[in-house]
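The values are calculated or read from the model by the stated rules, or taken from the named source; none is laboratory data. Model, not experiment: these values are computed from the prediction. Cβ atoms come from the backbone with ideal geometry, glycine included; neighbour counts cover every protein chain shown. To get the accessible areas, we keep the full protein, side chains included, count just its heavy atoms, and leave off ligands, DNA and RNA. Shrake-Rupley method; radii C 1.70, N 1.55, O 1.52, S 1.80 Å.
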Amino acid sequence: NKNRGVPQRVELTFDYHDGQLEAAKLVAGPARVIDVTAGRKWGKSHWGVGEMLKQWYLYGDSTPLGWIVSPNYPMSLNMERKLSQIAQPIILKHLKAEHAYILPPGPRTNGVPIRVEIKSAEDPQTLRGPTVGPRLLDEPAQCAEETLDQLRLVGMDSPGSKLLLSGTPAGFNWVYNRIYMKAKWLGRGEIRQGGDPSIAVYVGPSEENCK
């Protein structure tokens with residue numbers, strides 16, 4: 001509220017290009033795991049943080065804890081800066097020592113403020129704890145495959161929450177085998193028959209880079 005220095009209503013805008021809008025449609029769909037693979041200038045970090053925030057404030061995720069996970073500590077600092085930049089109008093508190101941000105409650109978090117923690121996947125076994133809602137995995141192909149399993153595990157008790165992945169192409173790896181080849185929803189209306197309806201992927205063509 002205004003007495004705490006937070007405006008009653010703040011509108012966050014993300015200024016997506018066409019490819020990011022198409023990928024966002026997949027997040028709004030039935031899939032629980034959504035992967036975006038695109039070039040370095042596509043805007044994956046911007047898109048990922050934006051879609052994560054929308055999970056609470058637009059789609060009504062009820063779990064007030066979220067994680068942003070990167071392959072290593074230096075890369076996690078980049079994602080922390082991106083979160084700070086995009087969420088700046090609504091940040092209530094920055095817990096520097098804990099690499100965490102406190103944001104206003106979402107419409108379905110029962111008045112509980114949202115906490116977003118910045119994590120490193122250098123040791124996937126550390127990705128444990130209480131039930132986690134929205135999760136964003138940055139550059140998944142640079143992480144051990146176990147990272148995916150841990151992130152799915154911490155979200156098991158939050159069935160409506162989504163796991164977002166965003167990374168650059170990296171050939172044939174566990175992301176390709178476990179995510180891309182199994183996905184049902186492929187973006188721009190394309191559907192893979194027999195695919196897993198809980199998985200969606202969007203591959204950004206090179207012409208969408210630098211937009």
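Does the stretch 19-51 hold any residues that are among the charged types (D, E, K, R), out of contact with any Leu (no Cβ under 8 Å at 6 or more places or on another chain) and either surrounded by 14 or more Cβ atoms within 10 Å (Cβ to Cβ) or modelled with pLDDT of 95 or more (or both), and which are they?
Once the filter is applied, which keeps residues that are among the charged types (D, E, K, R), out of contact with any Leu (no Cβ under 8 Å at 6 or more places or on another chain) and either surrounded by 14 or more Cβ atoms within 10 Å (Cβ to Cβ) or modelled with pLDDT of 95 or more (or both), the stretch 19-51 yields E22, K25, K44.
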Complete set of residues in the stretch 66-79 that are open to solvent by less than 20 Å² (accessible area, probe 1.4 Å) and not in a helix (DSSP H, G or I): G66, W67, I68, V69, S70, P71
Please give the number of the condition D61 fails out of (1) within 22 Å of S45 (Cα to Cα); (2) open to solvent by 50 Å² or more (accessible area, probe 1.4 Å). (2)
Are any residues in the stretch 10-46 touching a helix residue (DSSP H, G or I) at 6+ places or on another chain (Cβ under 7 Å), part of a helix (DSSP H, G or I) and closer than 22 Å to G171 by Cβ, and if so, which ones? G19, A23, S45
What is the one condition in (1) free of Cβ contacts under 8 Å to residues at least 60 places away in the same chain; (2) over 16 Å from I118 (Cα atoms) that I91 does not satisfy? (2)
Suppose we filter K82, K54, K96, K119 for residues that are charged (D, E, K, R), more than 24 Å from V36 (Cα to Cα) and either within 14 Å of the chain's Cα centre (by Cα) or open to solvent by 60 Å² or more (accessible area, probe 1.4 Å) (or both); which single one remains? K96
Search the stretch 50-65 for residues that are under 13 Å from A28 (Cα atoms) and assigned to a loop (DSSP other than H, G, I, E, B) and pair each with any residue that is of a type in the set (K, R) and at pLDDT 95 or above when their beta-carbon atoms are under 6 Å apart and the residues are at least 6 apart or on different chains. G60/R108
Read through the list (1) on the phi > 0 side of the Ramachandran plot; (2) touching a residue at least 24 places away in the same chain (Cβ under 8 Å); (3) surrounded by fewer than 21 Cβ atoms within 10 Å (Cβ to Cβ), then give the number of the only condition that G189 fails. (2)
Has the stretch 80-101 got at least one residue that is closer than 21 Å to T131 by Cβ and part of a loop (DSSP other than H, G, I, E, B)? yes
